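Read through the structure below, which is laid out as structure tokens, and then see the notes.
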Amino acid sequence: MSERILMKGNEAVGEAAVRAGCRLYFGYPITPASEIAEYMAYRLPQVGGTFIQAESELAASNMVYGAAAAGKYAMTASSSPGISLMQEALSYMAGAEVPGLFVDAVRGGPGLGDIQAAQSDYFQLTKGGGHGDYHLIVFAPYTIQEVINIMPIAFETAFKYRNPVVIAIDGLIGQMMEAVEFPYFVNPDEVPLPNWALSGKFRHGYKKNVNTSLELDPEKLEAINWRLQAKYHEIEEKEPRYDYVGVEAPETLVVAYGTVARVTMSALKKMLAEGKSIGLFRPITIWPFPGKALAQKAVNAKRIVVLEMSAGQMIEDVKLNVFDPNKEYEFHGHPGGTTFTPSEIEQILRG
Amino acid sequence: MSEQALKVVIDEELCKQCELCVAICPVHVLRISSKINSKGFHPAELFDNEKCISCGFCAMTCPERAIAVYKPEVEKA
Amino acid sequence: MKIVYERPKTLEKVVNHYCPGCHHGILHALIAEVLDEMKLADKTVGVAPVGCAVMAYNYLDIDWIEAPHGRAVAIATGIKLAHPDVLVFTYQGDGDAASIGLAETLYGAIRGVNVTTFMYNNAIYGMTGGQMAPTTLLGMKTTTSPYGRDPKREGYPVKMAETIALQDGTAFAARSALFNPRAITETKNHIKHAFELQMKGEGFTFIEVVGTCPTNWGMTPVEASEFAKNEMVKTYPLGIKKDVKGSETR
């Protein structure tokens, strides 16, 4: 099962989803995410699954909504402008507590932007994005292998909390090839149908299931929203994930995720070998943001360097969680599709 | 043997006084009553059981499905 | 005496939120009756729209989901693929199915999605208080066409049943009404036929139902039913527009 094979990132997303037990994919072409749809159109029929090319991202995301409300692992993938269109379904799904997997191969914006790798969807993914008080659970892996490792966790987390989950990648992760292994294969027939699934009453006793995000009684809606907030607090307690590479209590703390964290690694390792007091804090979930862990790592840091392929979005969460105005915060960004080079980052870190 | 005497039985609490049953009745045996239900509507009522032909038009047309219709059983020889 | 007409078992015994005389209640009851007769209530998922029927899930004792505005057929597509053996129908208004959700509805037909769509056509946006719908008749006054619908400004009423019938993925497309017992019986026959076709996997089935909106038309329920019978059907001729299994199953 876990032989190492050379695979492109976008195709690995598809294969990982299949092996995690997903048999329903609804997509709409967009660069740089189209290969995920292409791979699923080829792969799903081989395992008895269904691929549908929807008429729009609105339709694709609502098909995921329907299939997931029916209790099945279902997914779509898109890129930033498409994800903007999917915010409708995401808000409804959060409100109606429907799980589902969305992959966002983030590209430059705003508007049509460009098709290069970017991280400027941080706000729309982690702060709600659509209307209402809600959160998506957002993973931001930095290698293809990490995408693969996260995939089954992403589906399980979505179903555990009945909440949409996003895996945020970018065109670089999608297009590169790496030797990877798939250490799992979930049989979808062995994933039990949840008791809330819409499947006709014959499958879950004789009481009807109703899935809705509508509650016209304001007091009841408030109660629902407080219950949702309690769920989000639980997720914030239990689900933050991060990685840290560096000395125990660094003077310079670098915060970066996804592709940027990966590019940071070579400069970081070089400087660590020189004995510099430095460390890289890499959120793996950008919501829930691993803020407590970050604050601990930042205790002795004089300088906090935030690197993002945006004009500065995650840095707000960094400042909010470190919560110390006496530290020196330094932001370096690439908002628009160009990427940090290892030497550029080395220069930045050497100050 | 049924104890049922009336051919048209109207659930007065479900009735919204729309009068569609009154208008559709081919033998004109329904009318709006002077009673008042908890929602403030005057429910429809059957006022001539004899003339009712149990056609069911009132029940079919009722948007509230507040009406049940009964038909006398044909006596066996 | 024996009972000849009673409340269908699948129709929840609650007072619905529709205005007095609104035909939505008749259509709900017909669907419930057909589900009872076909013994499908435990094998059905309904998709409610945004519009007057937004709370349809309170009225039929089946599984339900409430879809975002216009996306009912997309939601239904997902449910049907998750459980192909389940009967899935969408219950939508004209604004939901023919305006904001036109792409989703039309793609149900283009893709031949094996679900049934009901589109209640009363020529107006009822829930939001009487604005112009894609189906508003020429000359009809609404709060957003206060001088009457002028085709030069507001375009023409959309003919959904005919449009859906043109698509190859459509198994059945019809327009019927609810203004008298004959029309109601015809509508019920269409529902039964559409559900039978869906259970056989024949493709997309679409029933446009000409209904009323006494409140926003400014008429009594009886006047509104007469208007549907005499005026609505001039723009929206009743009848079967396409049926892949016409004579065989009926």
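For this structure, a couple of remarks:
- Amide H within-cut-off set for residue C:241, under 5 Å, with H built and near neighbours excluded: C:173, C:174, C:175
- Based on alpha carbons, the Rg and Dmax found for segment A:5-190 are 14.6, 43 Å.
- 5 angstrom amide H check on residue A:103, placed H, neighbours 5+ away: A:76, A:77, A:78, A:167
- Remark: segment A:242-350 carries a charge dipole of roughly 180 debye about the Cα centre, counting +1 on each Lys and Arg Cβ and -1 on each Asp and Glu Cβ.
- Entries in A:270/A:297; A:201/B:39; B:71/C:241; A:269/A:297 that, when Cα-Cα distance is taken, lie over 26 Å: A:201/B:39; B:71/C:241
- Solvent-free Debye calculation, one equal scatterer per alpha-carbon of segment B:8-69: log10 I(q)/I(0) at 0.23 Å⁻¹ equals -0.86.
- Note on chain A: with a GNM built from Cα contacts shorter than 10 Å, the maximum mean-square fluctuation among A:243, A:121, A:217 falls on A:217.
- When the Gaussian network model of chain C links Cα atoms closer than 10 Å, the mean-square fluctuations of C:46, C:155, C:95 top out at C:155.
- Residue among A:28, A:92, A:16 farthest towards the positive dipole end of segment A:12-95, charges placed on Cβ: A:16
- Dividing the convex hull volume of the alpha-carbon atoms in segment A:253-351 by its residue count gives 91 Å³ per residue.
- Mean per-residue shielding of peptide B:50-58 is 2, counting Cβ atoms of other chains within 10 Å of each Cβ.
- Gaussian network model of chain B, Cα within-10 Å springs - most flexible of B:44, B:66, B:23: B:23
- Residue-wise HN-Hα coupling along segment A:175-189, computed from phi with Karplus coefficients 6.51, -1.76, 1.60 (Hz; x: Gly, Pro): 8, 6, 10, 8, 7, 9, 9, 10, x, 7, 8, 8, 7, x, 5
- Partner shielding of A:203-214 amounts to 6, given as the average count of beta-carbon atoms from other chains within 10 Å of each residue beta-carbon.
- For segment A:242-350, the residue among A:309, A:343, A:279 whose Cα projects farthest onto the positive side of the dipole built from Cβ charges is A:279.
- Radius, Kirkwood style, for the protein assembly as shown when every pair of distinct Cα atoms is counted (Å): 27.5
- One chain, two ends: residue A:5 and residue A:206. Fully extended at 0.36 nm per residue, the span grows by 67.6 nm beyond their Cα-Cα distance.
- A Cβ-based charge dipole, computed about the Cα centre of the protein assembly as shown with Lys and Arg at +1 and Asp and Glu at -1, lands at about 760 debye.
- Pairwise label distance in nanometres, residue A:47 with residue A:266, each label 7 Å out on the Cα-Cβ vector: 3.4
- Residue among C:79, C:105, C:232 farthest towards the positive dipole end of the protein assembly as shown, charges placed on Cβ: C:232
- Among the listed pairs B:7/C:13; A:207/C:39; C:39/C:159; C:9/C:192, those beyond 23 Å (Cα-Cα): C:39/C:159
- Its residue count N sets the reference 2.2 N^0.38 Å, and the alpha-carbon radius of gyration of chain A equals 1.00 times that reference.
Only the coordinates and a few stated rules stand behind these numbers; no lab work does. All values reported here derive from a predicted model rather than from experimental measurement. As a convention, Cβ positions derive from the backbone with ideal geometry for all residues, glycine included, and neighbour counts pool all protein chains shown.
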